[in-house]
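In what follows, a structure is listed as structure tokens, so that the remarks can point back to it.
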Amino acid sequence: MDKFIGRKYELERLNLLLEQRSASMVVVNGRRRIGKSRLITQFAKAFKFYKFSGLAPRKGMTAQEQRNEFMRQFANQFDLPIAGIIDWGQLFTLLAKQTLSGRVVILLDEISWMAIGDPDFLGKLKIVWDETFRKNSKLILFLCGSVSSWIEENLLSSTAFLGRPTLHISLGELPLYDCNYFWDAQTENISAYEKLKLLAVTGGVPRYLELFNPSLTSEQNIQQLFFTKESTLSDEFTKIFADIYGNRSQLYRSIVEQLINAPMTQEALSIALQKAHGGDMSRYLEDLTLGGFVTRDYTWDIKTGKISNLSHYRLSDNYLRFSLKYILPNKALISKGRFEHRSIKSLPGWDGIMGLQFENLVLANHRRLIKQLNLLEEDIIFDNPYFQRKTKRIPACQIDYLIQTRHESVYVCEIKFHRKEIGSGIINEVKEKLSRLKVPKHISKRPVLIHVNGVTEYVRDSLYFSKIIDFGDLLDS
């Protein structure tokens, strides 16, 4: 797919840089395939644009190999052969001198890879930025990477780069209403349920959405992309984790595998993995969170409105869960063609996984949900998945998504995936949750139901729910 979809907000922020009277340094991070370089390329299409990419890490890679590749790309773009340079400072100075005037956009892509083997890489970049790059007031330098923890530590939190980045963009998945455009002219004829089945596997990751064929059903697309011999995305997980986490990829995989079926506390994860609570485990979870694969959901005290120290870690990347649950355990069978004619509905635990994936999609688009409820952002005290720990006086309680407002109300959102219409049983199910939810007497509880395939007339006529929201409403632009 050649056309560019979405990212209106990010492009608006970038276009504001064109009004500045000084050079700009922009830091962009996000998981692989999320469209970082595509966004920058789209923004820079009307300007002089130079892109340099680091080599993917491998065992034994040296700083000189990275410099050699940079020199090759430089010579190709400027038609200016260079040789004999052994220092990043010299390379950056040469690049800066070639871009001293006019509107110029430079992208250093996968900058953490580029820096491999040279502890002075960033120091030299900083010096050349201060001395030469900034002389061109119309220059915009993008520092881009998938290793978000490296970006955070070395650029965003570094005292050496303090005050230099003009803008930081942490790129996430596309919102649902942008995902809708990948069905092209057929989008109005495709049901929300069929779209959900594909989005449950791809999430809002642009690269994955670009690969599917709108003329095929979701089941056919999933078969071709994941379950055929040499399928496009069957080995994607291994590549991503190897590129981002290197020789620790197996360790990070073991953590996310624990989160396939339900969110967990850090303490529970530490026990399951037989690792010390805190320290290294905190750092690993932070890396996964910064990388966009895991989300840390904090609960809070409804009485005071203050965030609690209690939190759950949720596997929020839909591709990751699907791959860990169904692709990696069956790689050998897939390579033999055993899955080519198997219905995805026959996969073990499919409905349960679909429920978790559906929940991820709704939570990732919670701002759209807030609009559907006619709530104003400034009226919200806190919103998140909510859990209440059991004590002697209070029962345990878990809410898919809870919104507390300044108008003495909590909106208790039940996110329900079902292949058919949701029947009357949902009312008693939600009533039970509300009976367990502990709130001050002056606060009202307003139940909300979010569904994909409709609800029965009985549920609608009961008027039990303050709002019933169809998944299709979140897809609609």
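Any idea how many residues of the range 72-89 are under 16 Å from A115 (Cβ atoms) and touching a helix residue (DSSP H, G or I) at 6+ places or on another chain (Cβ under 9 Å)?
Number of matching residues: 4.
Residues are listed down the side, and each one gets a yes or a no for (1) among the acidic types (D, E); (2) in contact (Cβ under 8 Å) with a residue 60 or more places away in the chain; (3) assigned by TED's automatic domain parsing to the domain that holds T295; (4) touching a Cys at 6+ places or on another chain (Cβ under 6 Å):
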residue	(1), (2), (3), (4)
I34	no, yes, no, no
I40	no, yes, no, no
A75	no, no, no, no
D79	yes, no, no, no
G84	no, no, no, no
D87	yes, no, no, no
Q98	no, no, no, no
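Could you list all residues from the range 24-48 that are of a type in the set (A, V, I, L, M) and either in contact with a Gly (Cβ under 9 Å, 6 or more places away or on another chain) or surrounded by 21 or more Cβ atoms within 10 Å (Cβ to Cβ) (or both)?
M25, V26, V27, V28, I34, L39, I40 - these are the residues of the range 24-48 that are of a type in the set (A, V, I, L, M) and either in contact with a Gly (Cβ under 9 Å, 6 or more places away or on another chain) or surrounded by 21 or more Cβ atoms within 10 Å (Cβ to Cβ) (or both).
Please identify the pairs in which a residue from the range 356-368 that is in contact (Cβ under 8 Å) with a residue 60 or more places away in the chain has its Cβ atom under 7 Å from the Cβ atom of a residue that is surrounded by 23 or more Cβ atoms within 10 Å (Cβ to Cβ) and among the aromatic types (F, W, Y), counting only partners at least 6 apart or on another chain.
F358/F417
Conditions first: (1) more than 19 Å from the chain's Cα centre (by Cα); (2) closer than 30 Å to Y193 by Cβ; (3) at pLDDT 95 or above. D297 passes all but one, so which condition is the exception?
(1)
This table checks each residue for (1) among the aromatic types (F, W, Y); (2) free of Cβ contacts under 8 Å to residues at least 60 places away in the same chain; (3) not assigned by TED's automatic domain parsing to the domain that holds L55.
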site	(1), (2), (3)
K138	no, no, no
A160	no, yes, no
P165	no, no, no
A185	no, yes, yes
A192	no, no, yes
K195	no, no, yes
P206	no, no, yes
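Evaluate the following for L91: is it assigned to a helix (DSSP H, G or I), in the same structural domain as L17 (by TED's automatic domain parsing), closer than 18 Å to L143 by Cβ and touching a Ser or Thr at 6+ places or on another chain (Cβ under 8 Å)?
no
Starting from residues that are closer than 19 Å to A192 by Cβ and surrounded by fewer than 13 Cβ atoms within 10 Å (Cβ to Cβ), keep the ones in the range 323-366 and report whichever is modelled with the highest pLDDT.
Looking at residues that are closer than 19 Å to A192 by Cβ and surrounded by fewer than 13 Cβ atoms within 10 Å (Cβ to Cβ), I get D351.
Look at L11 and say whether it is touching a residue at least 40 places away in the same chain (Cβ under 8 Å) and either in a helix (DSSP H, G or I) or touching a Phe, Trp or Tyr at 6+ places or on another chain (Cβ under 7 Å) (or both). Break it down into steps so the answer makes sense when it comes.
On the way: touching a residue at least 40 places away in the same chain (Cβ under 8 Å): no; either in a helix (DSSP H, G or I) or touching a Phe, Trp or Tyr at 6+ places or on another chain (Cβ under 7 Å) (or both): yes.
Judged against the criteria, L11 is not a match.
Would you please name the residue that is nearest to K239 (Cα to Cα), looking only at residues in the range 14-58 that are β-branched (V, I, T) and outside any loop (DSSP other than H, G, I, E, B)?
Residue satisfying both the conditions and the ranking: V28.
Spot the failing condition for V430; the list is (1) modelled with pLDDT of 95 or more; (2) among the aliphatic types (A, V, I, L, M); (3) not in a helix (DSSP H, G or I), and only one is missed.
In the conditions (1) modelled with pLDDT of 95 or more; (2) among the aliphatic types (A, V, I, L, M); (3) not in a helix (DSSP H, G or I), V430 misses (3) alone.
If you scan the range 128-181, which residues turn out to be under 30 Å from D473 (Cα atoms), touching a strand residue (DSSP E or B) at 6+ places or on another chain (Cβ under 9 Å) and surrounded by 18 or more Cβ atoms within 10 Å (Cβ to Cβ)?
I169, L171
For the range 237-289, give me the residue count where each residue is acidic (D, E) and more than 18 Å from the chain's Cα centre (by Cα). Outline the logic, then answer.
Initially, the range 237-289 is screened for residues acidic (D, E), giving 243, 257, 267, 280, 286-287.
Filter once more, so that each one left must be more than 18 Å from the chain's Cα centre (by Cα): 267, 280.
So the answer is 2.
The values are calculated or read from the model by the stated rules, or taken from the named source; none is laboratory data. This structure is a prediction, so every number in the text was calculated from the model and none was measured. Ideal geometry is used to build each Cβ from the backbone, glycine not excepted, and the neighbour counts take in all protein chains shown.
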